[in-house]
1. Got a sec? Which of His119, His173, His83, His78 is in contact (Cβ under 8 Å) with a residue 40 or more places away in the chain, over 27 Å from Val206 (Cβ atoms) and either buried (at least 22 other Cβ atoms within 10 Å of the Cβ) or of a type in the set (Phe, Trp, Tyr) (or both)?
2. Please go through segment 146-169 and give me each residue that is within 25 Å of Ala126 (Cα to Cα) and in contact with a helix residue (DSSP H, G or I) (Cβ under 8 Å, 6 or more places away or on another chain), ordered by number.
3. Among the residues of segment 111-122, are any among the hydrophobic types (A, V, I, L, M, F, W, C) and within 13 Å of ligand 1 (Cβ to nearest atom)?
4. Can you tell me which residues in segment 215-269 are among the β-branched types (Val, Ile, Thr) and either surrounded by 24 or more Cβ atoms within 10 Å (Cβ to Cβ) or within 14 Å of ligand 2 (Cβ to nearest atom) (or both)?
5. Among (1) under 20 Å from the mean Cα position of the chain (by Cα); (2) modelled with pLDDT of 95 or more; (3) of a type outside the set (Lys, Arg), there is one condition Val288 misses while meeting the rest; what is its number?
6. Tell me whether segment 259-266 contains one or more residues that are on the phi > 0 side of the Ramachandran plot and assigned to a loop (DSSP other than H, G, I, E, B).
7. Applying the selection to segment 68-116, what residues are outside any helix (DSSP H, G or I), away from ligand 2 (no atom under 16 Å from the Cβ) and not hydrophobic (A, V, I, L, M, F, W, C)?
8. Can you pull out the residues in segment 274-311 that are in a loop (DSSP other than H, G, I, E, B) and free of Cβ contacts under 8 Å to residues at least 24 places away in the same chain?
Amino acid sequence: MAPFVETDETIQSEELVAPQAAPWKYEIVYPAVLGMGYIHLAAIYGLYLAVTAAQWYTLVFSAFTAVAAGIGLTAGAHRLWSHRAYKAKPPLQILLMIMQSIAFQYSALTWAKLHRTHHRYSDTDADPHNATRGFFFSHMGYLMVKSHPEFRKRVKLMDFSDLYSNQILMLQHKYTILFCFTFCLLLPTVIPVYLWGESLSVAWHVSMLRYVYNMHTTFLVNSVAHMFGSGTYDKSIKPTQNVFVSLLIFGEGFHNYHHVFPWDYRTAELGNNWLNPTKLFIDFFAWVGWAYDLKTVSDDVISARAERTGDGTNSWGFKTKSS
Ligand SMILES: [Zn+2]
Ligand SMILES: [Zn+2]
């Protein structure tokens with residue numbers, strides 16, 4: 001199966017290059033600013049309560065839900081639905097859809113649309129979180145302003161028919177608020193209260209802390225891993241190899257590699273298993289039989305590409321040859 005770049009055919013060739021950070025007046029979306037403000041204040045209070053008042057069960061449960069949400073994003077919304085880097089049988093898709101709902105970052109369908117647009121038009125005005133507009137914009141600022149007209153124009157030209165024909169994705173998309181409210185906020189608050197007698201305030205605010213933690217670790221890929229690190233495979237693009245980001249978001253910080261080979265289900269080259277829990281998750285379900293057609297890139301192709309367009313570093317950012 002071809003990678004998602006096949007949708008190039010749906011766009012006129014002169015449309016492929018979008019302008020890069022042309023002057024643009026931001027239109028602030030105040031409800032989004034208020035929402036962001038509330039969840040961040042609630043998360044800070046949640047951190048205080050986590051340290052001073054929360055039961056151990058609550059902390060362990062929150063860590064578990066944070067991992068589930070993160071893997072829902074990386075193995076589900078990202079590697080499966082955005083990039084079609086492997087295929088998943090319905091039980092795994094349902095599990096990933098629920099895990100992605102815990103993260104409350106749109107529906108997986110919308111997430112995949114935004115992400116494909118990010119790859120197609122990386123670091124231009126059609127990229128929803130264009131990193132040439134600076135750290136804050138690419139990290140979270142773009143969520144608090146009206147999207148760029150160039151993005152709105154070009155996203156309409158792309159082919160998302162595979163996403164719209166997926167009934168599991170459509171179910172979640174149709175009832176996004178219901179799914180996300182239930183799995184991100186309601187159950188993670190109610191379960192600690194009813195099962196081990198946690199206070200409602202602690203359960204709610206620690207859930208907010210987990211929600212904000214998941215948001216920022218995901219956002220680091222769009223900000224830090226588009227600014228800081230090496231260009232091992234293509235020095236002409238902004239995405240970088242960043243081990244720190246990989247540690248925080250389950251193996252997704254080898255971002256220079258990922259932008260060069262987006263269809264590789266590992267989103268990283270060989271040898272990073274311990275840094276790549278998402279790969280281990282997919283490998284486990286391949287063993288179970290629920291994940292199949294895992295796509296990878298051969299070592300020869302990877303090293304040839306590094307030799308041809310890389311900056312002379314290895315994936316850890318260390319210089320291996322003068323370039
Ligand atoms: Zn990127
Ligand atoms: Zn990607």
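1. Within the list His119, His173, His83, His78, the selection yields His83.
2. Scanning segment 146-169 gives Phe151, Arg154, Val155, Leu157, Met158, Asp159, Phe160, Leu163, Tyr164, Leu169.
3. Within segment 111-122, one or more residues are among the hydrophobic types (A, V, I, L, M, F, W, C) and within 13 Å of ligand 1 (Cβ to nearest atom).
4. Of everything in segment 215-269, those that are among the β-branched types (Val, Ile, Thr) and either surrounded by 24 or more Cβ atoms within 10 Å (Cβ to Cβ) or within 14 Å of ligand 2 (Cβ to nearest atom) (or both) turn out to be Thr218, Val221, Thr232, Ile237, Thr240, Val245, Ile249, Val260, Thr267.
5. With (1) under 20 Å from the mean Cα position of the chain (by Cα); (2) modelled with pLDDT of 95 or more; (3) of a type outside the set (Lys, Arg) applied to Val288, the lone miss is (1).
6. Quick first cut of segment 259-266, residues on the phi > 0 side of the Ramachandran plot only: none.
The answer is no; no qualifying residue exists.
7. If the condition is that a residue be outside any helix (DSSP H, G or I), away from ligand 2 (no atom under 16 Å from the Cβ) and not hydrophobic (A, V, I, L, M, F, W, C), then Lys87, Lys89, Ser107 are the ones that fit.
8. Step one: list which residues in segment 274-311 are in a loop (DSSP other than H, G, I, E, B), which gives 276, 289-290, 293-298, 310-311.
The one that is in a loop (DSSP other than H, G, I, E, B) and free of Cβ contacts under 8 Å to residues at least 24 places away in the same chain: Ser298.
The values are calculated or read from the model by the stated rules, or taken from the named source; none is laboratory data. As the structure is a prediction and not an experimental result, all values here were calculated from the model. FYI the Cβ positions are ideal-geometry reconstructions off the backbone, even for glycines, and counts take in every protein chain you see.
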